[in-house]
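Encoded as structure tokens, the structure appears first; notes follow it.
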Amino acid sequence: MKYSVMLAALGVLGAGTALAQQPPIKIGVLYPLTGGGAVYGVPAMTGHQLAVEELNAKGGMMGRKIESVERDDKLNPATASSTMKELITKDKVDIVLGGLASSVGLAMSEVSKQEKVVYISTIPKSIQITTDKLHKYVFRTAANTDQEGDTMAMLVGKNKLTKLCHLELDYAYGNDLEAGILKALPKYAPDAKVVLTLKPKLGATDFNPFIPQVMSAGCDGVISGLWGPHFVSWVKQAAPLGFFSKIKWISGGEIGSHEIAGELKGDYPDNVISNTYELWYTSNDPSHKEFQARLAKKLNTQETPQWAVLGYIGVMYAAAAIEKAQSTDPDKVSAALEGLSIGTPVGKLTIDAKSHQANIGQFWGPMVKKPDRAYRMMEPAEYIQPK
Amino acid sequence: MTLTMFTLNAFYGLALAMNMFIIASGLNLIFGVLRVINFAHGMFYMFGAYIVFTVTKSWGAPFFVGVLAAAASLAVIALVIERLMLKHLYGKEHLMQLLFTFALVLLMSDAAKMIWGTDQYSVGYPQGLGGAVNLGFVVLPQYQLFLCVVGPLIALAMWLVVDRTRWGRIVRAATQDREMLAALGVNVPMVYAAVFTIGSALAGVGGALAAPRVALVPGMDATIINECFIIVIIGGLGNLWGSFLGALAFGFVVQFGTVWAPNWQDVLPYLLMLVVLIIRPWGLLGRPEST
């Protein structure tokens, strides 16, 4: 004990050399970096790296440098689980972050439980992670499907929709989001009825078997969990038929992000109301401006992707917990995360001590045309945070 | 199912079939002549789609210039691959060829990442084909109608070339007896190079034509290659009209199957293949392999 105190004192005296001598704190991180998931995995990793760079520039955590060990989960639960095990046993990481698909998040949570290493789910939304499958070492800094479903149900009520078609992708996220919406629907829209539920498969590119069914069902609104490329393919195939002129499209899955708006540009359809974690052009916290400027510099574009903030928040939470615990011991870090509040570019967040869920919100709003822009923007963008 | 819905579904099945046929016919041609199972064919498809994106969005050229550029680029890429690498593997074990084409998939996916990054892209419909045609009882999207015209045209062109020209006779002869053909003074390696080039260019065209109706993302090659194999196997390896028929079967089964039995959408194409393999192991129009 005395010896370690002496060592610590020595460390303070010779800060520079001590930093080099002390072993780094290792953060393991998985995002999909190849294949279809890379569209979001790569910007999330950029946010992750930005946070690590910032922390290291300030001297790391507990005077130790942070080493980020980055791996590709290929959007595949089996790959994620074996890669995460390797990170823990071979690379000896102190904490694991990341995942994108809900199925991957559930797989990573399982490994974290077996190996007793803290895992922070930074993107996967499946409610099961923080309910049925909750354990001591898993935490979530992303939104969850109950929360997203609740807001979507609220929007159904607000837009006075009565006849709904429900579209979800047939996997963990889609099924859990469906449950989340159906749970909240009676509360906000007691008159609304779901007349048709369709579940295309994850990764589907051909939506022609589904589009005519929705069009002939006579819905005044579609509630949808089709994210990213699924939404884009749906739009490309449905828009020529005049699909979007007759319905309101209320969507989770961050269709309101600038990535989608900027890509579809003039092809982005009318009547879409959706969400996004972050918008480069809107702030709900003073610190956002500085974060966005640094991200813009790193990516060399003013129009930065929303996924970066999730990677960033994950690292900031890991750092704050290790700093608070003054240890990398998983039990102590887990205890430190419970109830922990930190400031982030999207406002102050708190992780609930019981559910291990952070109270992160999302921007929600209609995607509108702007006369001076080639792409649509969310306006008004309302930041909705869970109570 | 009403008449309107039936027509619409049949039409969508047909459009999907035609797009798939264009891609699968290239794979089939290459297998028929070279006896090489090209796993990188899906990658060629993806490159075709991405090249259209670059040519139309970044350079502002019309869509059909993009399609031609995709075909030409893939032809050049394929020619280089064939001349520098693939030609050394003819007559070698199938395993070597499989490993090689699989290595190509990995190489090209990294190359695509370097050139286009990992962003998601979309390509607009060509001018005049982004709307729909109203037939009174049913409304059909123009672009899918266009695919229904292009697919049979390509099939017809391939049939004319392979069945009705001297060059086509040489190609057919190459599938039968390579040594004899060489003994007759035909430059067989050039025939092989030409076939690989044309087959790959077809993948490029297929990808280019698919681009306006799907999101362009890394990994879009993975599903397409499986589907192409299913089509080629159903139709009979090496048979042009077989892959046409295979594509039709695939398109209708996927479209109607997904409407009627959505829970089976993942396995439907495989089920179709399984049934065909049980009844006719050599495919609908293929011939039993003589050993």
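The values are calculated or read from the model by the stated rules, or taken from the named source; none is laboratory data. Just so you know, these numbers come straight off a predicted model, no measurement behind them. Please note: Cβ atoms are built from the backbone with ideal geometry, for glycine as well, and neighbour counts cover all protein chains shown. Protein only, heavy atoms only, side chains kept; ligands, DNA and RNA dropped before computing areas. Shrake-Rupley method; radii C 1.70, N 1.55, O 1.52, S 1.80 Å.
Shape call for segment B:127-277 from the C-alpha gyration tensor, a ≥ b ≥ c root eigenvalues: rounded (a/c under 1.5), prolate (a/b greater than b/c) or oblate?
Verdict is prolate for segment B:127-277.
State the number of lysine pairs found in segment A:85-141 whose Cα atoms come within less than 21 Å, restricting to pairs 8 or more positions apart or on distinct chains.
Number of lysine pairs found: 16.
Among the lysines, which have Cα under 20 Å from the Cα of A:Lys193 when same-chain residues fewer than 8 positions away are ignored?
A:Lys158, A:Lys160, A:Lys163, A:Lys183, A:Lys246, A:Lys248
Return the lysines within reach of B:Lys113: Cα separation strictly under 26 angstrom, same-chain partners fewer than 8 residues apart disregarded; answer none if there are no such residues.
Of all the lysines, those that pass the test against B:Lys113 - Cα under 26 Å, at least 8 places apart if same chain - are A:Lys74, A:Lys201, A:Lys236, A:Lys265, A:Lys297, A:Lys298, B:Lys57.
Count neighbours as other Cβ atoms within 10 Å of each site's Cβ, and list the chymotrypsin sites (Phe, Trp or Tyr not before Pro) in segment B:130-234 that are DSSP loop with at most 11 such neighbours.
Filter output for segment B:130-234: B:Phe137.
Please report the accessible area of A:Ser216 (heavy atoms, 1.4 Å probe, ligands and nucleic acids excluded) in Å², nearest 10.
Solvent-accessible area, nearest 10 Å²: 80 Å².
Taking the Cβ of A:Ala321 as the centre, find all other residues whose Cβ is under 14 Å away and add up their charges (Lys, Arg: +1; Asp, Glu: -1).
Around A:Ala321, the charge tally is -1.
Can you give me the distance in nm between label points at B:Thr223 and A:Thr197, each placed 7 Å from the Cα along the Cα-to-Cβ direction?
2.2
I'm a student and want to see the number: the projected area of the Cα convex hull of the protein assembly as shown, averaged over all directions, in nm².
Seen from a random direction, the Cα hull of the protein assembly as shown projects 33.5 nm² on average.
Considering chain B as a Gaussian network with a 10 Å cut-off on Cα pairs, which listed residue, B:Asn28, B:Asn19, B:Asn187, attains the greatest mean-square fluctuation?
B:Asn187
Based on Cβ point charges of +1 for Lys and Arg and -1 for Asp and Glu, what charge dipole magnitude is obtained for chain B about its Cα centre, in debye rounded to the nearest 20?
Values: 14 positive and 11 negative charges, 108 e Å.
Roughly 520 debye, rounded to the nearest 20.
Springs between alpha-carbon atoms under 10 Å, Gaussian network over chain B: tell me which of B:Gly185, B:Gly236, B:Gly60 tops the mean-square fluctuations.
B:Gly185
Over segment B:192-291, what is the relative contact order in percent, taking alpha-carbon pairs closer than 8 angstrom and at least six residues apart?
Once normalised by length, the contact order is 27 percent.
Starting from the Cα-Cα distance between B:Gln142 and B:Asp163, subtract it from 0.36 nm times their residue separation and give me the gain in nm to one decimal.
Working: separation 21, 0.36 × 21 = 7.56 nm, distance 3.17 nm.
Full extension from B:Gln142 to B:Asp163 adds 4.4 nm.
If you keep only loop residues by DSSP, which trypsin sites (Lys or Arg not before Pro) in segment A:33-105 have at most 13 other Cβ atoms within 10 Å of their Cβ?
A:Lys58, A:Lys90, A:Lys92
Picking from A:Ser334, A:Ser274, A:Ser245, which is most flexible by a Gaussian network model of chain A using Cα springs under 10 Å?
Comparing A:Ser334, A:Ser274, A:Ser245 in the GNM, the peak value goes to A:Ser245.
Which of the three applies to segment B:1-117, rounded, prolate or oblate, going by the alpha-carbon gyration tensor with a ≥ b ≥ c and a/c under 1.5 meaning rounded? The partial results should precede the final answer.
Numbers: a/c = 2.43, a/b = 1.36, b/c = 1.78.
Since a/c reaches 1.5 but b/c is at least a/b, the shape of segment B:1-117 is classed as oblate.
Taking each pair of different alpha-carbon atoms in segment B:9-218 once, compute 1/r for the pair, average those values, and report the inverse of that mean as the Kirkwood hydrodynamic radius in Å to one decimal. Present the calculation step by step, with values, prior to reporting the outcome.
On the way: mean 1/r = 0.0551 Å⁻¹.
In segment B:9-218 this quantity evaluates to 18.1 Å.
Starting from the amide H of A:Ile95, placed 1.01 Å from N in the peptide plane, find each other amide H under 5 Å away whose residue is 5 or more places distant or on another chain.
When sequence neighbours closer than 5 places are left aside, the close amide H contacts are A:Gly28.
Which whole-number percent gives the relative contact order of chain B, counting Cα pairs below 8 Å spaced six or more residues apart?
36
As a check on your grasp of the helix formula, calculate [θ] at 222 nm for the protein assembly as shown: sum -39500 (n - 2.57) over DSSP H runs of n ≥ 4, divide by the residue count, round to the nearest 500.
Working: 24 runs with 363 residues, N = 678.
-17500 deg cm²/dmol, from helical runs alone.
For segment B:83-113, which trypsin sites (Lys or Arg not before Pro) pass both filters: DSSP loop (anything but H, G, I, E, B) and at most 11 other C-beta atoms within 10 Å?
On the way: sites: B:Arg83, B:Lys87, B:Lys92, B:Lys113; in loops: B:Lys92.
Of the trypsin sites (Lys or Arg not before Pro), the ones in loops of segment B:83-113 whose Cβ has at most 11 other Cβ atoms within 10 Å are B:Lys92.
What distance in nm separates the simple spin-label points at A:Met62 and A:Asp372, each placed 7 Å from Cα in the Cβ direction?
5.1
Using protein heavy atoms only (no ligands, DNA or RNA), what is the total accessible area buried between A and B, 1.4 Å probe, nearest 100 Å²?
2700
Run the numbers for A:Glu86 and A:Lys133: contour at 0.36 nm per residue of separation, minus the present Cα-Cα distance, in nm.
Fully extending the segment from A:Glu86 to A:Lys133 adds 14.7 nm.
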